[in-house]
1. Could you identify the single residue in Glu155, Glu133, Glu141 that is farther than 24 Å from Ser68 by Cα and acidic (Asp, Glu)?
2. Which of the residues belonging to segment 48-78 are outside any strand (DSSP E or B) and over 25 Å from Lys120 (Cβ atoms)?
3. Evaluate the following for Tyr110: is it within 14 Å of the chain's Cα centre (by Cα), assigned to a strand (DSSP E or B) and surrounded by fewer than 17 Cβ atoms within 10 Å (Cβ to Cβ)?
4. When only residues in segment 129-173 that are in contact with a Ser or Thr (Cβ under 8 Å, 6 or more places away or on another chain) and over 17 Å from Thr48 (Cβ atoms) count, which is modelled with the lowest pLDDT?
5. Only one of (1) touching a Pro at 6+ places or on another chain (Cβ under 6 Å); (2) farther than 19 Å from Arg43 by Cβ; (3) outside any helix (DSSP H, G or I) is not met by Leu93, so which one is it?
6. Applying the selection to segment 46-88, what residues are touching a Pro at 6+ places or on another chain (Cβ under 8 Å) and closer than 24 Å to Ser117 by Cβ?
7. Does segment 166-176 contain any residue that is over 16 Å from Val123 (Cβ atoms) and either open to solvent by 60 Å² or more (accessible area, probe 1.4 Å) or touching a residue at least 60 places away in the same chain (Cβ under 8 Å) (or both)?
8. Would you check which residues across segment 97-107 are in contact with a Ser or Thr (Cβ under 8 Å, 6 or more places away or on another chain) and either surrounded by fewer than 18 Cβ atoms within 10 Å (Cβ to Cβ) or within 13 Å of Val47 (Cα to Cα) (or both) and list them?
Amino acid sequence: MFGCHGNAWTLESCWIIRGSRSWKTRFNCRADRLLHNVRLAHRSDAVTIICLRDNQILLQREYSYPVSKYLAQFPGGKIEENETPEEAAVRELKEESGFAFSRCEHLGWYYINNRRSDSKMYVVLAKDVTPTEKTGGDLEEEIDSFWVPLSKLREMISERKITNITVLAAWALLEKVL
């Protein structure tokens, strides 16, 4: 239950949407006020990896089909079943960029889309980053990795050249430790 102008919302009904892993809910605050919500099934958690080296940060450029443009991003991806965020970070960084790290720090997590899912994005700061062989990856991924000075990333954010929420949220967690 959660607040509604002094009243409590209660779950009135919940049903699975046919042919999907999602469900629709209906909440009631008062007899005259209903709230419908579509909730996506828990898909999986994910990890974002921030790599720092010599006052530079690793960015990637990848085409985003839903918004039809190239976006800057940090390396990252899905956490497989029985995999920790740190293990996924090792795998994803090697697959996407051809880098490895020997130590890491967990910076935190946030909900990817809290209005529709309980999936989390974990943010890992990779330390002692070194080149390695790039392996695996997804067929549809064409990713360019490049290093930029931290000051350049700050500039890109302030000039609204970075519009990817994953980068912005991870950056907010990173700034607490810089």
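1. It is Glu133.
2. Asp54, Asn55, Ser68
3. Taking the combined requirement at face value, the residue satisfies it.
4. Lys134
5. (3)
6. Across segment 46-88, the qualifying residues are Val47, Thr48, Ile49, Gln60, Ile79.
7. No.
8. Gly98, Ala100, Ser102
The values are calculated or read from the model by the stated rules, or taken from the named source; none is laboratory data. Everything quoted here is computed from the prediction, not taken from an experiment. All Cβ positions, glycine included, derive from the backbone under ideal geometry; neighbour counts span all protein chains shown. Only protein heavy atoms, including side chains, enter the accessible area calculation; ligands, DNA and RNA are left aside. Shrake-Rupley method; radii C 1.70, N 1.55, O 1.52, S 1.80 Å.
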